[in-house]
Amino acid sequence: MAKAQEKRMAKAQVPWWQRAVVYQIYPRSFCDANADGVGDLAGIESRLDYLAWLGVDAIWISPFFRSPMKDFGYDVSDYCDVDPVFGTLDDFDALVAAAHQRDLRVMIDWVPAHTSDQHPWFVEARASRDNPKRNWYVWRDPGPKGELPNNWRAAFLKKRAWTLDETTGQFYLHSFLAEQPDLNWNEPAVVEAMHQTLRFWLDRGVDGFRADVVHNIGKDPALPDVEERLAKIPHCALNDEDITHEHLRAIRRVLDEYDGDRAMVGEVSLLSTEQVAAYYGKGDELHLSFNFPPLFAPWEAEPWRQHIERSAAVLDPIDAWPSWVLSNHDQKRHRTRYGSEARARAAAVLLLTLRGTPFLYMGEELGLEDAVVPPERVVDPSDRDGCRAPVPWTAASDHGWGAEPWLPWPPEPEARSVETLREDPESILQLYRRLLGARRQSPALLTGSLTLLASPEGVLIWERSRDGDRRTVVLNFASQACTVELSGEQRIEVASDGCGEGEPFTGNLAADQALLLKPA
Ligand code: GLC
């Protein structure tokens, strides 16, 4: 496998999205320039120097489009405008220009599977059964006794995925909230309108998109029941239709109308890497896809070994470039899941040295934990407020926000502020920076092959290699120290706990420690 991987990479010119580390910004919680308690685009622009200093290559900004905010922006009421809470289109243009000046690429979120119920398309569609936009959404008659059209479940509230529209007497489909009706991609006018939304942002210079639940755009027009044993799972986790691939190929062609350098990473929230792999097509669908099964893996060597092996076995044969992610705005932060900063540090070494494009989630470089959100401050319909807590920029009492933010602070906001951790050479923030720097310098880490080596229980060891450049990673998942044997002399380039960097590797690994090694 390793030889074939290396050969393939040597042949191809490596596109930016294969070399990049992408940093996800949840705009409400990143940085607030106008001190109204909600982050904004001008706030992001003001922190680009920080991101350049950190050493990431691209940002992905979660939705900032006009929205009633029932799902905090994932319910879009105008795809082609900025919600006033985040700023204006001019602010967006300024942000893209400022990012590009710093060699940072900009990816934005595209929400193709559903709109807000306040989107003018849905307002029209629900006006009457014969409205020209009726077929832009998915409508079905109730059964003779008022039965629902099928047994599909919506995500979040775990209710049925259908809501009756009283005025017109039909149900409409929503895979998420009732305020997020599913678009009907079987209607050609929808396809065309959504392609236009891509062009709108491509024309403004974005480098790519993260496509929200993109596997959910195609639907079997028969809308069949799912098997009873699966009927408790939200339908969007099961919906895996051939027609979606046709839509993705057409979407790819829209991106290719531009300079061949624009990319799309899909949120394919299906249950296995095998299913996810299909969404790369034959290099003619998604450029990258999230692969969530590893995100749900426990912090243990064996499951991680299996995920690394599966990623290689399933994606490589179809030339699909892997991606890796441990945290995002939908899941408990991995610092919280794994239970300690030592593990979060080891996880940073893992994430930034596997073969594939890593996605960081804002604040993981600070070792942030989820906020504890008291019941009276809960705002999300699906219990995701904790990981969306605001980023503390300074040690001052407002942490650089100038106002009380929309969500409570994560734990230890003074000690974990950017300002505090930047001054501490031993901080997790400085560890991320050293790792990102080491990665940039190393062809092996950027695009080299990956080979898992034999290792003692509780430890994983892998080698990355390209064009004579070589790195070895040793990761102790266990909470006791151990020793490992490697062939050849190695020097510690980066250590998750900062210990012994620059020194020869003796074979000793501390508890929860991960090391990036370079041939001596
Ligand atoms: C995706 C988003 C999530 C959103 C959902 C519905 O899973 O990541 O935040 O709520 O889609 O759009």
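Take the stretch 69-82 and flag every residue that is surrounded by fewer than 23 Cβ atoms within 10 Å (Cβ to Cβ), closer than 16 Å to F200 by Cα and of a type outside the set (S, T, N, Q). Across the stretch 69-82, the qualifying residues are D78, Y79, C80, D81, V82. Residue count for the stretch 281-296 under the criterion of being more than 16 Å from the ligand (Cβ to nearest atom) and either open to solvent by less than 10 Å² (accessible area, probe 1.4 Å) or closer than 12 Å to H215 by Cβ (or both): the result is 2. Only one entry in R66, R105 is closer than 24 Å to D330 by Cβ, away from the ligand (no atom under 16 Å from the Cβ) and either crowded, with 22+ Cβ neighbours inside 10 Å or under 23 Å from the mean Cα position of the chain (by Cα) (or both), namely R105. A42 passes every criterion in (1) part of a loop (DSSP other than H, G, I, E, B); (2) away from the ligand (no atom under 16 Å from the Cβ); (3) open to solvent by 10 Å² or more (accessible area, probe 1.4 Å); (4) among the hydrophobic types (A, V, I, L, M, F, W, C) apart from (1).
Here the condition is being among the charged types (D, E, K, R) and farther than 30 Å from D261 by Cβ; of R210, R140, R204, it holds for R140 alone. Go through the stretch 265-280 and count every residue that is within 14 Å of the ligand (Cβ to nearest atom) and of a type in the set (D, E). Of the residues in that region, 1 qualify. Consider only pairs whose beta carbons are under 8 Å apart and that are at least six residues apart or on different chains; among these, list those whose first residue lies in the stretch 155-169 and is within 16 Å of the ligand (Cβ to nearest atom) and small (G, A, S) and whose second residue is outside any loop (DSSP other than H, G, I, E, B) and open to solvent by 40 Å² or more (accessible area, probe 1.4 Å). Final answer for the pair search is A161/R153.
Take the conditions more than 16 Å from the ligand (Cβ to nearest atom) and either buried (at least 22 other Cβ atoms within 10 Å of the Cβ) or at positive phi (or both) and apply them to D207. Does it pass? Yes: the conditions hold for D207.
Taking the stretch 350-384 as the range and being of a type in the set (S, T, Y), under 22 Å from D75 (Cα atoms) and not in a loop (DSSP other than H, G, I, E, B) as the test, only Y361 passes. Screening the candidates R253, R249, R229, R262 for the property of being more than 16 Å from the ligand (Cβ to nearest atom), of a type in the set (D, E, K, R) and buried (at least 21 other Cβ atoms within 10 Å of the Cβ) yields one hit, R262. Taken over the stretch 486-505, the criterion of being within 27 Å of Y338 (Cα to Cα) and either open to solvent by 10 Å² or more (accessible area, probe 1.4 Å) or without any contact (Cβ under 8 Å) to a residue 12 or more places away in the chain (or both) is satisfied by I492, E493, D497, G498, C499, G500, E501, F505.
Would you be able to say whether some residue in the stretch 338-360 is among the acidic types (D, E) and free of Cβ contacts under 8 Å to residues at least 12 places away in the same chain? Looking through the stretch 338-360, none of the residues is among the acidic types (D, E) and free of Cβ contacts under 8 Å to residues at least 12 places away in the same chain.
The values are calculated or read from the model by the stated rules, or taken from the named source; none is laboratory data. No experiment lies behind these values; they were computed from the predicted model shown. Please note: Cβ atoms are built from the backbone with ideal geometry, for glycine as well, and neighbour counts cover all protein chains shown. When the accessible area is computed, the model is the full protein with side chains, heavy atoms only, and any ligands, DNA or RNA have been set aside. Shrake-Rupley method; radii C 1.70, N 1.55, O 1.52, S 1.80 Å.
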